[in-house]
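Participant: Input: one structure, supplied below.
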Amino acid sequence: MYKDCLIIGGGISGLIAAKTLHHQGISVTILDKGRGIGGRLATRRLNYGNSQEGVIDYGAPHFTAQSPTFQNMLQEWLELGLVKVWSTGFNRDNKTYYCGVENNRAIAKYLARDLDVHTSTRVTRLEWRNTHWQVDTETGTTFTGTKLLLTPPLPQTLALLDNSNILIKPEIREKLSQVSYHPCIAVLALFSQPNLIPAPGGLRLEGNPLKWIICNHQKGISPSGYGVTMYASPEYSQSHWDSNDEIIVQDLLNSAATWLNSAILTYQVHRWRYSQAKEVYGEPYLAITKPGTLVLAGDGFLDSHLEGAVLSGLAAANYLLVSPS
Ligand SMILES: Cc1cc2nc3c(=O)[nH]c(=O)nc-3n(C[C@H](O)[C@H](O)[C@H](O)COP(=O)(O)OP(=O)(O)OC[C@H]3O[C@@H](n4cnc5c(N)ncnc54)[C@H](O)[C@@H]3O)c2cc1C
């Protein structure tokens, strides 16, 4: 059996793949350009003075589980106290919505705890060197691995492949390039007082400019501060991508005024160029065998939700376990 695998991307897809390979005795190294692990499972702390702290999920606010595979995984996470049921229905859709008990990034941190993870490590080039992959990074450090798994959003994966002169069949490349993503601007804000967002602390508006508003205090992850996440619609995010943060914050505050009850203390704006795919590739992963084994996975493949990313990462790892070196 081969010994090692490099994984680019420490979002949930890369982490699930890494854990699966690690359990089978494969030595795994994860490289991620982000400062922290988790990708779009993202959480940040906002502080105001010494007393007020908001803990704010600003990527996926929650997730569902439809498949028995992910339901079993979730059962384990529920028993560990890693995740909890947040709500049994937003907008009366009767689905069970889960979130991290501490916060959503904590799920990624838990999965990463026994793994070799390098954050702040942007991969710039991939090269097959007869027996192994060599991966160059922005920091100048080079990593090697017998097999390679790429899990960034597909436009970023394609840019990396192009930059590395790795050729894939034109019809497959065309299909991959059709996977495009909605942008999403998220405003993370800390308020001085409780808000009027109805229980359980999430309101899906599907409006423009405000698509979603979340109270992280009611959600249970921000006990000592009133941290709110406001997600702009794809249309607004597209048209205001280059607008000043002040303008974006003011627009979303105006739109959310009915549910906000106090002064904003501090805020940050995060621009997700790739939040969720409009359409997906339609298969769990893509395996390329020449010049060496290279697998593409992530939420652009099956379904652009957390569950889709998990199932894609799992399927990619199962392929990597049996594919020839
Ligand atoms: C605003 C928002 C709302 C969402 N809402 C929901 C929801 O309600 N329910 C739900 O289920 N899902 C939701 N999602 C989607 C969910 O978060 C994603 O489907 C899932 O987290 C994707 O995981 P992934 O591992 O495929 O990708 P990612 O989490 O994006 O991980 C890919 C990683 O690759 C890294 N990377 C990229 N390029 C490089 C490079 N060159 N070198 C090194 N590292 C690199 C990135 O830093 C990133 O960490 C939402 C996402 C966003 C952003």
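The values are calculated or read from the model by the stated rules, or taken from the named source; none is laboratory data. For clarity, every value in this text was computed on a predicted model and none was experimentally measured. As a convention, Cβ positions derive from the backbone with ideal geometry for all residues, glycine included, and neighbour counts pool all protein chains shown.
Participant: List the residue pairs whose Cβ atoms are under 8 Å apart, where the first residue sits in the stretch 170-187 and is under 17 Å from D299 (Cα atoms), the second is β-branched (V, I, T), and the two are 6 or more positions apart or on different chains.
Facilitator: Qualifying pairs under 8 Å: L176/T157; L176/I168; V179/V280.
Participant: Contact list please: Cβ distance under 9 Å, first residue in the stretch 14-35 and on the phi > 0 side of the Ramachandran plot, second residue of a type in the set (D, E, K, R) and away from the ligand (no atom under 13 Å from the Cβ), pairs at least six apart or on different chains.
Facilitator: What qualifies is G25/K3.
Participant: Would it be correct to say that T137 is without any contact (Cβ under 8 Å) to a residue 60 or more places away in the chain and near the ligand (Cβ under 10 Å from one of its atoms)?
Facilitator: No, not satisfied.
Participant: Still on this model: Determine whether Q250 is within 16 Å of the ligand (Cβ to nearest atom), modelled with pLDDT of 95 or more and either buried (at least 21 other Cβ atoms within 10 Å of the Cβ) or not hydrophobic (A, V, I, L, M, F, W, C) (or both).
Facilitator: The answer is no for Q250.
Participant: Sticking with this structure for a sec: Check the stretch 155-164 and report whether any residue there is within 14 Å of the ligand (Cβ to nearest atom), in contact with a His (Cβ under 9 Å, 6 or more places away or on another chain) and of a type in the set (A, V, I, L, M).
Facilitator: No, the stretch 155-164 has no match at all.
Participant: Right, something else. If you take just the strands (runs of 3 or more DSSP E) that sit entirely in the stretch 24-98, which of them hold at least 1 residues that are not assigned by TED's automatic domain parsing to the domain that holds T124?
Facilitator: 43-48, 52-57, 83-87
Participant: Quick check on the stretch 71-81. Is at least one of its residues over 15 Å from D116 (Cα atoms) and within 13 Å of the ligand (Cβ to nearest atom)?
Facilitator: yes
Participant: Could you list, in sequence order, the residues of the stretch 286-304 that are out of contact with any helix residue (DSSP H, G or I) (no Cβ under 6 Å at 6 or more places or on another chain) and surrounded by fewer than 18 Cβ atoms within 10 Å (Cβ to Cβ)?
Facilitator: Those that are out of contact with any helix residue (DSSP H, G or I) (no Cβ under 6 Å at 6 or more places or on another chain) and surrounded by fewer than 18 Cβ atoms within 10 Å (Cβ to Cβ): T289, K290, P291.
Participant: Something else: Select from the stretch 23-46 the residues that are within 21 Å of T157 (Cβ to Cβ) and small (G, A, S) and list them in ascending order.
Facilitator: Those that are within 21 Å of T157 (Cβ to Cβ) and small (G, A, S): G34, G36, G38, G39, A42.
Participant: Let me ask something else. Can you confirm whether the stretch 7-16 contains a residue that is part of a loop (DSSP other than H, G, I, E, B) and either farther than 19 Å from A297 by Cα or within 15 Å of the ligand (Cβ to nearest atom) (or both)?
Facilitator: Yes: one or more hits.
Participant: Also, I was wondering about something else. So which of E283, E307 is crowded, with 19+ Cβ neighbours inside 10 Å and within 16 Å of the ligand (Cβ to nearest atom)?
Facilitator: From the options E283, E307, the qualifying one is E307.
Participant: Something else: Quick one: in the stretch 204-235, which of the residues that are surrounded by 21 or more Cβ atoms within 10 Å (Cβ to Cβ) and among the aliphatic types (A, V, I, L, M) is nearest to N104 (Cα to Cα)?
Facilitator: I221
Participant: Would you please list the contacts, defined by Cβ atoms under 7 Å and residues six or more apart or on different chains, that run from a residue in the stretch 293-307 that is over 15 Å from A317 (Cα atoms) to a residue that is aliphatic (A, V, I, L, M) and near the ligand (Cβ under 6 Å from one of its atoms)?
Facilitator: Pairs that qualify, where the first residue is over 15 Å from A317 (Cα atoms) and the partner is aliphatic (A, V, I, L, M) and near the ligand (Cβ under 6 Å from one of its atoms), are L306/I12; L306/A60.
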